[in-house]
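FYI, it's all coordinate maths here, none of it is from the lab. Predicted model only: the values in this text are computed from it and were never measured. Neighbour counts run over all protein chains shown; Cβ positions are idealised from the backbone, glycine included.
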Amino acid sequence: MRATVMYGAGDVRVEEVPDASISEPTDALLRITRACICGSDLWPYKQMPADSEGAPMGHEFIGVVEDVGVEVSTVAAGDVVVAPFMFSDGTCDFCGEGLHTSCRKGGMWGRSGTGGGQAEAVRVPYADGTLVKLPVAEDDALMPGLLTLSDVFCTGHHAAVCARVRPGQTVAVVGDGAVGLCGVIAAKRLGAERVLILGRHTDRTDLALELGAADVVAERGKEGVERVRDLTGGEGVHAVLECVGLEQAFQTAIGITRPGGAVGRVGVPQFDSLPGAGLSFFHNITVSGGVAPARAYIEELMPEVLEGDLQPGRVFDSEIGLADVPGGYKAMDERDSIKVMIRP
C-alpha cells in the first residue's frame with residue numbers, strides 16, 4: 001500500500017510500504033477515505049534531522065472499517081469512523097477522567113508500531129476505545145467538518161475550555177492557522193460575546209470574520225498588545241486562546257489578558273521557559289492547556305457538525321490525492337494553503 005513517510009526536513013515521500021494488517025485481537029483495519037496535514041506536521045518538516053528509516057506521517061483521518069480483531073465489539077466491517085489523533089484503550093483511569101491523551105496503553109499514530117494516517121490504510125490499536133462511528137456515508141458532504149473532529153476542531157475547543165470561555169466574555173485568539181480559526185468557532189459556541197483574531201494573513205483573518213470574529217489585530221509583539229488593549233478600553237480580554245506555540249505568541253497572550261483572566265495554550269511549544277511568569281502571577285492569570293484529548297470531545301461536538309450549526313470544515317482550502325502530499329506540505333509551509341485535505 002502507499003503511505004507518506006518523512007525522511008528529514010523538507011523530505012516527504014509517498015511510497016510503497018507493507019500493507020497494514022490486524023496484529024492484536026483489539027485491532028481494527030481501516031481503509032482511509034479522508035486525511036489531512038496538520039500544522040504540527042510542519043515542525044518536523046522544517047527541522048527534522050535526516051533519518052534513513054523515515055517516520056510515517058499523519059494523525060487526522062476518517063475511514064471505513066475493513067476488518068476487526070476478535071475482541072472488538074463497538075465497530076464492524078463497513079462502519080465509517082473518525083479516529084482521534086491519539087489512540088487509547090478507553091478503560092484506564094486517565095481515559096475515565098477524559099484525558100485519553102495520557103492513556104496508559106495509548107500512543108500516537110506513526111509510532112508504537114502503528115502507521116500514519118496519510119496513507120491508504122492503517123492498523124488501529126484498541127479500536128473500541130479509539131474509533132467513533134459516524135452516522136453518514138463515506139462520501140457525505142459533511143466529511144470536511146467531521147474530519148476536523150480528529151484533531152483541529154477539538155484542539156480549538158480545548159483551547160477555549162482551558163481558557164474558561166464563558167457567555168458574554170471578550171476573547172482573543174492568537175494565531176490565524178486552522179486551530180486558531182477553529183478556536184474562533186469554539187469560543188462563539190461557548191458564548192463569547194466578542195472575539196478578536198490576532199493574525200496578519202488576510203485570507204485567514206477574513207475567514208475568521210466570517211466564522212464569528214469581530215476584530216482583526218494584525219500587529220505583533222508590543223504593538224499587538226497595545227492594539228488589543230485599545231480595542232478593550234485598556235482592560236484586556238477575559239480569555240485568550242494561544243494557538244501558535246512560539247514564545248512571542250505566548251508573551252502576547254499573557255500581555256493581553258485582563259487580571260483574573262485565563263490563557264488556554266494548545267500551540268505545540270517551541271520554547272522551554274514560560275514567558276510572562278511574573279505578569280501572570282501578579283495579575284492572577286490562569287494558564288492552562290496542553291494536548292487536546294480529542295476523544296473526550298468528539299461525541300459532544302459531532303451533533304452540531306452533523307446538523308450544520310458548526311462548519312469547522314471551512315478551514316480546508318485545498319484538496320489533493322495521496323500522490324500530491326509532498327506538495328501539500330510545501331503549500332502549507334509557504335502559507336499558500338490554510339489546511340490541506342487528502343483523499344487517498
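See the values below:
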| read-out | value |
| --- | --- |
| Filter result (over 13 Å from Gly115 (Cα atoms) and of a type in the set (A, V, I, L, M, F, W, C)) within the stretch 40-64 | Leu42, Trp43, Met48, Ala50, Ile62, Val64 |
| Qualifying residue in the stretch 273-288 (condition: among the aromatic types (Phe, Trp, Tyr) and within 21 Å of Trp43 (Cα to Cα)) | no |
| From Arg258, Arg295, residue being over 22 Å from Phe153 (Cβ atoms), basic (Lys, Arg) and touching a residue at least 24 places away in the same chain (Cβ under 8 Å) | Arg258 |
| Residue in the stretch 317-336 that is under 29 Å from Cys103 (Cα atoms) and touching a residue at least 40 places away in the same chain (Cβ under 8 Å) present | no |
| Candidate set from the stretch 251-287 (those that are under 19 Å from Ala178 (Cα atoms) and small (Gly, Ala, Ser)); member that is surrounded by the most Cβ atoms within 10 Å (Cβ to Cβ) | Ala253 |
| Where a residue in the stretch 196-222 is in a strand (DSSP E or B) and its partner, wherever it lies, is of a type in the set (S, T, N, Q) and surrounded by fewer than 16 Cβ atoms within 10 Å (Cβ to Cβ), with Cβ under 9 Å and at least six apart | Val216/Thr202 |
| Hits in the stretch 314-328 - residues which are surrounded by fewer than 21 Cβ atoms within 10 Å (Cβ to Cβ) and in contact with a strand residue (DSSP E or B) (Cβ under 9 Å, 6 or more places away or on another chain) | Asp317, Ser318, Glu319, Ile320, Gly321, Leu322, Ala323, Asp324, Pro326, Gly327 |
| Failed criterion for Ile37 (all others in (1) surrounded by fewer than 22 Cβ atoms within 10 Å (Cβ to Cβ); (2) within 21 Å of the chain's Cα centre (by Cα); (3) among the β-branched types (Val, Ile, Thr) hold) | (1) |
